[in-house]
Amino acid sequence: MPKNSPPLAARLSKDLREVMKFFAKPKAVQRRAYAPGKWTMREILVHLSDTEAVLLDRLRRMTADAKPVLQAFDQDRWAAKLSYTKRDLKLAARQYQAAREGILETLKLLGPKAKSLRGRHTENGAVSGVRALWIIEYHTAHHLEQLRAIAAGKIWTPKAK
């Protein structure tokens with residue numbers, strides 16, 4: 001992150017406002033995928049909603065539990081088994097917004113202590129507060145690229161590393 005970048009809470013708030021706009025797109029746009037055989041805008045939005053709730057839970061566990069365990073999940077299995085193509089998108093929008101606002105509230109209450117949090121992910125092992133916060137921000141940024149491409153009617157491909 002550049003040195004003159006806005007604070008994390010400001011970036012997360014900005015991303016919240018942008019994601020919420022995609023929940024209001026026409027159904028025809030929400031049915032489009034970012035590439036052949038990939039998730040549609042609708043599926044990405046429901047995924048963001050579910051993932052944001054998981055990330056809030058992880059942040060709260062890292063804040064309150066003595067030995068926090070951060071449960072992994074299979075995003076493709078969730079998409080299939082939790083009916084991402086049929087879920088109530090208005091409910092998903094409310095869940096996403098509430099979870100992101102919960103993250104923002106938790107960060108505000110924690111202040112600088114947020115970076116010193118620790119947890120143990122069931123698949124990836126030790127997770128620091130810095131890493132957990134990076135995941136919260138990166139995950140949304142990654143999917144926002146896809147959502148923007150879908151809205152513009154373009155194919156999205158990952159950037160080369």
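Below is a table of values for the structure above.
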{"read-out": "Principal-axis tilt of helix 41-64 within the chain, Cα atoms, nearest 10 degrees", "value": "10 degrees"}
{"read-out": "Charge dipole of the chain about the Cα centre (unit charges at C-beta), most positive-ward option of GLY129, PRO36, SER49", "value": "PRO36"}
{"read-out": "Hits among lysines - C-alpha to C-alpha of LYS115 under 21 Å, sequence gap 8 or more where chains match", "value": "LYS3, LYS14, LYS67"}
{"read-out": "Relative contact order [Cα under 8 Å, 6+ residues apart], the chain, whole percent", "value": "31 percent"}
{"read-out": "Shape of the range 82-158, Cα gyration tensor, a/c cut at 1.5", "value": "prolate"}
{"read-out": "Residue of VAL19, VAL130, VAL29 that the Gaussian network model of the chain assigns the largest fluctuation, springs spanning Cα pairs under 10 Å", "value": "VAL130"}
{"read-out": "Highest average packing first - 109-121, 70-82, 133-145, Cβ atoms within 10 Å", "value": "133-145, 109-121, 70-82"}
{"read-out": "Overall form of the range 8-152 per C-alpha gyration tensor (a/c, 1.5; a/b vs b/c)", "value": "prolate"}
{"read-out": "Helix-only CD estimate at 222 nm, as mean residue ellipticity for the chain, using -39500 (n - 2.57) per DSSP H run (n ≥ 4)", "value": "-20000 deg cm²/dmol"}
{"read-out": "Amide H contacts of LEU70 (H built 1.01 Å from N, under 5 Å, at least 5 apart or other chain)", "value": "ARG120, HIS121, THR122"}
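A short reminder: the numbers here are calculations on the coordinates, not readings from a lab. Because the structure is predicted, anything quoted here is derived from the model rather than measured. Ideal geometry is used to build each Cβ from the backbone, glycine not excepted, and the neighbour counts take in all protein chains shown.
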